[in-house]
Amino acid sequence: MFEGREVDGYATPGFKCRMTTQPHPHLEHDFMGLAFRQAEAAAARDEVPIGAVLVDSTTGQVLAADHNRVEELHDPTAHAEMLVIRAVSTGRKEKRLPLCDLYVTLEPCPMCATAISFARLRRLIFAARDPKGGGVEHGPKIFQQPTCHHRPELFGGLDETRSATLLKTFFQSKR
Ligand SMILES: [Zn+2]
């Protein structure tokens with residue numbers, strides 16, 4: 001059961017989520033906890049269980065929380081990171097979000113890493129590294145490319161086990 005205030009700025013209208021606790025707005029594990037609850041909600045809906053939360057770093061306010069919706073929207077770009085960035089930038093009518101921090105349960109893919117750079121996000125915090133599909137520490141390493149003009153502050157590997165277990169359980173159930 002979730003206690004606490006409702007989160008404003010849902011990426012999808014009608015989709016509700018709540019913070020469990022709000023002892024201090026800047027406690028990072030709260031934001032990652034919220035991202036994980038999104039990921040779990042995704043698994044329950046047969047979406048790849050990855051969740052993301054976009055936070056205003058100046059206020060600690062959660063601006064958007066969402067999970068992968070590739071199946072639901074029939075949209076190969078509907079990754080959690082893309083959805084929260086789009087929700088906030090279009091909602092604010094601002095193409096750049098330099099004061100925002102993104103919490104995501106898995107290392108972003110190259111597409112999302114590029115979007116993070118384009119949005120000029122301040123910080124990227126991800127729970128587990130993804131050697132197979134990640135684009136930050138693996139594959140094209142987007143932020144290290146000379147064509148990349150903005151590199152967020154990076155914090156990777158915050159909670160490898162929880163994220164990996166979630167994904168493993170999901171894909172095992174698909175077999
Ligand atoms: Zn992605």
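The values are calculated or read from the model by the stated rules, or taken from the named source; none is laboratory data. All values derive from a computational prediction rather than experimental measurement. Cβ atoms come from the backbone with ideal geometry, glycine included; neighbour counts cover every protein chain shown.
Residues in region 74-103 that are near the ligand (Cβ under 9 Å from one of its atoms) and in contact with an Asp or Glu (Cβ under 7 Å, 6 or more places away or on another chain): 1 in all.
Per-residue answers, yes or no, for (1) at pLDDT below 95; (2) among the aliphatic types (A, V, I, L, M); (3) assigned to a loop (DSSP other than H, G, I, E, B); (4) surrounded by 14 or more Cβ atoms within 10 Å (Cβ to Cβ):
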position: THR20; (1), (2), (3), (4): yes, no, yes, no
position: PRO23; (1), (2), (3), (4): yes, no, yes, no
position: ALA35; (1), (2), (3), (4): no, yes, no, yes
position: GLN38; (1), (2), (3), (4): no, no, no, yes
position: ALA52; (1), (2), (3), (4): no, yes, no, yes
position: THR59; (1), (2), (3), (4): yes, no, yes, no
position: ALA64; (1), (2), (3), (4): no, yes, no, yes
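Scanning region 40-50 for residues that are part of a helix (DSSP H, G or I), surrounded by fewer than 24 Cβ atoms within 10 Å (Cβ to Cβ) and either hydroxyl-bearing (Ser, Thr, Tyr) or out of contact with any Cys (no Cβ under 9 Å at 6 or more places or on another chain) (or both) yields GLU40, ALA43, ALA44.
Of the helices (runs of 4 or more DSSP H) contained entirely in region 68-175, those carrying at least 2 residues that are of a type outside the set (A, V, I, L, M, F, W, C) and either surrounded by fewer than 16 Cβ atoms within 10 Å (Cβ to Cβ) or in contact with a strand residue (DSSP E or B) (Cβ under 6 Å, 6 or more places away or on another chain) (or both) fall at 70-73, 80-92, 160-174.
In the condition set (1) farther than 18 Å from LEU83 by Cβ; (2) touching a residue at least 40 places away in the same chain (Cβ under 8 Å); (3) not acidic (Asp, Glu), LEU97 is compliant with all but (1).
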